[in-house]
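The values are calculated or read from the model by the stated rules, or taken from the named source; none is laboratory data. Treat the numbers as computed from the prediction; the structure is a model and nothing was measured. Using ideal geometry, Cβ is built from the backbone for each residue, glycine included, and neighbour counts are taken over all protein chains shown.
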Amino acid sequence: MTKNSNWAAPGRKSSGAVFIICPYIVQGAHRVIDPEARLEEAKGLAEAIQLDIKGAEFFKQHTIRPATYISKGHVEALQGPLKGLEVNLVFIDAPISPVQQRNLEKVWDCKVIDRTGLILEIFGTRARTAEGRLQVELAALTYQRSRLVRSWSHLERQRGGLSFVGGPGETQLELDRRMIDERIIRIKKELHKVQQTRGLHRKARKRVPYPVVALVGYTNAGKSTLFNRLTRADVMAENLLFATLDPTMRRVTLPSRREIILSDTVGFISDLPTLLVAAFRATLEEVMEADLILHVRDISHPESEAQKKDVLKVIEELGLEKAYEEHGIEVLNKADLLTRQQLKFFSAQAKRAVNPAQCVVSALDGSGIETLLEKVDGFLARQDKPYAFSLPLSEGKKIAWLYAHGDVVSRKDDEDKAHLTVKLSSENKEKFDRI
């Protein structure tokens with residue numbers, strides 16, 4: 001084993017003994033900025049579903065081997081340690097092909113799973129809503145269909161997952177494909193119904209209407225902790241990757257007494273497979289409909305800048321790059337983990353930032369939260385429109401309401417009426433009309 005090996009055995013209750021391999025491609029599209037950080041993230045993925053990590057290592061290689069992804073020498077060198085550690089699962093933190101997976105399972109005599117497969121396992125344990133479960137199953141079926149290959153009878157005792165994946169033979173493969181395709185069609189129909197319902201809910205909110213503010217960010221950046229801090233909710237917020245999967249929405253009252261809908265979304269991650277982005281597009285619709293995007297960053301993480309690029313890439317794929325630049329705030333979270341010097345640096349940086357704006361906070365201890373709420377208030381106030389009102393002076397309650405919920409630009413009183421120009425949000429204008 002290389003000097004980078006880490007033979008930790010946490011000794012906690014697990015659902016399997018796993019060995020983690022993080023190949024570091026020195027050149028090419030799969031190059032990793034910081035192999036050590038990527039290895040820590042891979043461990044985090046395994047820990048997210050309580051796998052017992054028997055060992056973990058990264059190693060450099062210059063090319064991807066068509067047959068096994070990693071080099072023949074590494075494949076052979078791992079045979080003994082994997083057997084000695086009684087490992088029943090190897091997690092390769094890379095996108096390996098079905099052929100590579102099959103060849104490695106033959107040599108190592110244990111199940112092999114790649115990055116996409118493990119993320120799907122995590123999503124499967126996290127989904128709580130009907131939509132979330134359907135999205136997971138759709139992604140899993142799409143992934144599994146690509147793994148249907150010939151001559152795999154040696155894996156019948158090892159492969160888990162979808163129960164209808166059968167044994168060898170062309171007839172069985174075709175049957176499996178047909179069953180998967182039929183299930184995919186049914187799921188898409190069910191998802192369409194769910195999305196229609198969500199669309200109706202969005203229309204209902206627009207009739208209120210409340211501005212929607214969406215939290216996005218790299219997984220484990222602290223979105224759910226911030227969501228709980230702002231809404232006093234109890235959304236699952238643990239130090240785990242993908243702790244939140246299903247979108248959660250709550251109403252929040254800002255300092256100006258403006259009310260908004262705050263939406264917590266699934267966290268992003270580097271090299272998120274395309275099929276997962278597509279399958280969870282409906283989950284991200286709340287972001288696409290948002291009036292303001294809060295990009296939550298773990299500013300204490302050594303790879304914070306790289307994580308930022310990964311999130312912005314997904315935002316760009318959703319066609320929201322321009323909207324984010326004009327209506328976005330970078331929430332530099334986990335300030336409680338910074339040194340005094342780092343905090344001073346990021347606070348100064350936040351004061352200079354414009355598009356998008358920045359705000360330094362700690363969702364854990366609450367520092368900077370009031371400033372963040374004021375920034376959100378200010379951004380939404382830009383969308384307010386001026387309205388002219390002529391009200392009898394005797395209607396003091398209505399006049400007071402306008403002062404409390406809007407920005408009074410001008411006022412001129414005559415003998416019996418007050419003539420006001422007031423900037424109001426569309427939702428407050430509708431509320432005033434109902435008084």
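Checked across the range 353-369, the condition of being modelled with pLDDT of 90 or more, of a type outside the set (Gly, Ala, Ser) and out of contact with any helix residue (DSSP H, G or I) (no Cβ under 7 Å at 6 or more places or on another chain) holds for no residue.
Could you identify the single residue in 137, 86 that is touching a strand residue (DSSP E or B) at 6+ places or on another chain (Cβ under 7 Å) and either assigned by TED's automatic domain parsing to the domain that holds residue 189 or farther than 19 Å from residue 45 by Cβ (or both)? Step through it out loud before you land on a result.
Values: 137 fails: touching a strand residue (DSSP E or B) at 6+ places or on another chain (Cβ under 7 Å).
After ruling out the rest, the residue left standing is 86.
Here is the figure for the range 374-423: residues that are at pLDDT below 90 and aromatic (Phe, Trp, Tyr) total 3.
Hey, can you tell me all the residues within the range 307-354 that are among the hydroxyl-bearing types (Ser, Thr, Tyr) and closer than 25 Å to residue 264 by Cβ?
Of all residues in the range 307-354, those among the hydroxyl-bearing types (Ser, Thr, Tyr) come to 324, 339, 347.
Within the range 307-354, just 324 meets the criteria.
Quick one: would you say residue 189 is loosely packed, with under 12 Cβ neighbours inside 10 Å and at pLDDT 80 or above?
On the way: loosely packed, with under 12 Cβ neighbours inside 10 Å: yes; at pLDDT 80 or above: yes.
Considered against the rule, which asks whether it is loosely packed, with under 12 Cβ neighbours inside 10 Å and at pLDDT 80 or above, residue 189 comes out as yes.
When restricted to residues that are in a loop (DSSP other than H, G, I, E, B), modelled with pLDDT of 85 or more and of a type outside the set (A, V, I, L, M, F, W, C), the range 108-143 contains 1.
In summary, residue 339 fulfils each of the numbered conditions (1) within 14 Å of residue 293 (Cβ to Cβ); (2) of a type in the set (Ser, Thr, Tyr); (3) out of contact with any Pro (no Cβ under 7 Å at 6 or more places or on another chain) with the single exception of condition (1).
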